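Here's the structure, in structure tokens; my notes come after.
The values are calculated or read from the model by the stated rules, or taken from the named source; none is laboratory data. In this text the structure is predicted, and so the values were computed from the model without any measurement. Here the Cβ positions follow ideal geometry from the backbone for every residue, glycine too, while neighbour counts run over all protein chains shown.
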Amino acid sequence: MDQLKTKKILHLDLDSFFVSVERLIDSRLNDKPVLIGGTTDRGVVASCSYEARAYGIHSAMPMKMARQLCPEAIVIKGNSMTYSKYSDMVTDIMREEVPLFEKTSIDEFYADLSGMDKFFGCAKLASEVRQKIIRETGLPNSFGLSINKTVSKVATGEAKPNNQLEIIQGEEMPFLAPLSVRKIPMVGAKTYQTLRNLGIKQVKTVQEMPMDMMENVLGQHGRALWKKAQGIDNSPVIAFNERKSISTERTFDRDTTDVVKLKGIMLAMAENLAYQLRRGKKLTACVTVKIRYSDFQTQTLQARIPYTSADHILIAKVMELFGRVYNRRLLVRLIGVRYSHLVGGGYQINLFEDTEEYINLYQAMDVIRERYGDRAVLRASGIGARTISRSNPFNGKAPLLLANRRA
């Protein structure tokens with residue numbers, strides 16, 4: 001317990017990140033309601049300014065509804081490559097200034113500053129990091145500082161916009177008590193509705209309930225939620241490493257030049273790894289294709305891309321790289337795909353180009369895969385790649401075919 005009390009965990013978030021980047025590019029957007037995302041009525045909101053939020057607009061809302069709520073809003077499609085560049089700039093500052101940091105999404109970071117009080121002062125260091133980000137990138141940001149991740153993340157939310165808040169050791173429960181239970185990380189819409197149905201609105205109510213009661217209602221999820229409400233969170237800051245990757249390879253029993261077969265397997269690999277990203281709540285920024293020929297000569301080709309976990313983006317890039325690196329005159333012994341430079345994050349970065357139908361499609365496909373295996377639903381041209389699966393194929397069920405849309 002003494003070791004826990006000495007922890008100093010920083011949570012730093014870039015305020016309205018996509019909007020802030022657009023305002024750096026065009027200052028005429030300052031102080032105006034701005035929506036980033038699909039520009040058609042079928043698109044969705046990827047991000048919105050605080051001025052737009054005042055109208056009840058939020059991310060993942062259908063663009064048509066957002067425009068109805070705020071007709072004067074300025075709608076921008078957004079440029080995910082530009083946002084990735086600014087994210088990398090902040091990552092470089094974190095790498096230079098703090099001893100240990102974790103990048104949990106394109107615009108969100110944790111840092112373990114434990115022990116820095118002996119040399120500098122944790123609050124002072126955190127404040128100087130925040131000011132350096134503002135000075136060198138122009139991006140407004142907020143941070144929370146406390147003894148653990150949960151309290152620091154909630155504190156960041158209370159500090160916004162463009163501010164900072166430190167929760168002194170021992171003040172975790174009083175700080176959390178008056179807040180809405182929705183402020184606790186891990187409380188989504190479904191859990192929030194369950195709690196509301198029980199008459200639970202404030203964190204204080206959860207703090208006063210027996211842990212067993214929460215567990216009876218929500219299972220293990222309820223136990224974890226109860227601990228967070230008490231300000232208890234022992235999860236460590238996991239060091240960020242851009243070289244983290246996932247990959248898969250296929251070695252053929254007989255070397256081949258069957259281009260249809262090769263393309264089908266490459267597509268299936270790309271699709272399966274994209275699903276693995278989404279299941280692990282990860283995004284990739286680098287795609288690599290590998291080919292080994294019958295003479296054991298190996299060639300690889302890689303490309304940096306905006307952070308994504310979307311099938312249609314990753315499949316297109318894999319097939320492009322394969323077309324560039326493949327030598328049709330030589331027999332192929334092995335092919336492979338790797339996604340690297342992984343960061344934590346949901347589907348937000350893909351909302352710029354996708355319609356609501358595509359987002360719903362991915363969610364539906366992934367639900368089927370979770371239940372019946374990761375190749376229970378796949379594109380028709382990848383049906384021949386039977387050995388790509390990382391889990392039990394189909395659980396005895398036949399795969400559901402998906403037409404090759406945008407792939």
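Highlighted here are the helices (runs of 4 or more DSSP H) found entirely within the stretch 1-78 that include at least 2 residues which are among the aromatic types (Phe, Trp, Tyr): 17-25.
Taking every residue in the stretch 107-132 that is in contact (Cβ under 8 Å) with a residue 12 or more places away in the chain and pairing it with any residue that is small (Gly, Ala, Ser), at least 6 positions away or on another chain, the pairs with Cβ-Cβ distances below 7 Å are Asp107/Ser87; Leu113/Ala126.
Restricting attention to the stretch 228-256, the residues that are without any contact (Cβ under 8 Å) to a residue 12 or more places away in the chain and surrounded by 14 or more Cβ atoms within 10 Å (Cβ to Cβ) add up to 0. Considering the stretch 209-227 alone, what residues qualify as being touching a residue at least 12 places away in the same chain (Cβ under 8 Å) and either within 30 Å of Cys286 (Cβ to Cβ) or not basic (Lys, Arg) (or both)? Listed by number, the residues that qualify are Met209, Met211, Met214, Val217, Leu218, His221, Ala224, Leu225, Trp226. Would you check if Ser105 is surrounded by fewer than 21 Cβ atoms within 10 Å (Cβ to Cβ) and over 20 Å from the mean Cα position of the chain (by Cα)? Considered against the rule, which asks whether it is surrounded by fewer than 21 Cβ atoms within 10 Å (Cβ to Cβ) and over 20 Å from the mean Cα position of the chain (by Cα), Ser105 comes out as no. Of all the residues in the stretch 109-127, those that are touching a Ser or Thr at 6+ places or on another chain (Cβ under 9 Å) and either of a type in the set (Val, Ile, Thr) or surrounded by 15 or more Cβ atoms within 10 Å (Cβ to Cβ) (or both) number 4. Screening Ile9, Ile74, Ile25 for residues that are of a type in the set (Val, Ile, Thr) and surrounded by 23 or more Cβ atoms within 10 Å (Cβ to Cβ) leaves exactly one candidate, Ile9.
Per the conditions (1) in a loop (DSSP other than H, G, I, E, B); (2) within 26 Å of the chain's Cα centre (by Cα), the sole criterion not satisfied by Leu165 is (1). Of all residues assigned to the stretch 54-65, at least one qualifies as being in contact with a Gly (Cβ under 6 Å, 6 or more places away or on another chain), free of Cβ contacts under 8 Å to residues at least 40 places away in the same chain and of a type in the set (A, V, I, L, M). Restricting the stretch 28-56 to residues that are in contact with a helix residue (DSSP H, G or I) (Cβ under 6 Å, 6 or more places away or on another chain), crowded, with 23+ Cβ neighbours inside 10 Å and modelled with pLDDT of 95 or more leaves a set whose member that is nearest to Gln164 (Cα to Cα) is Ser49.
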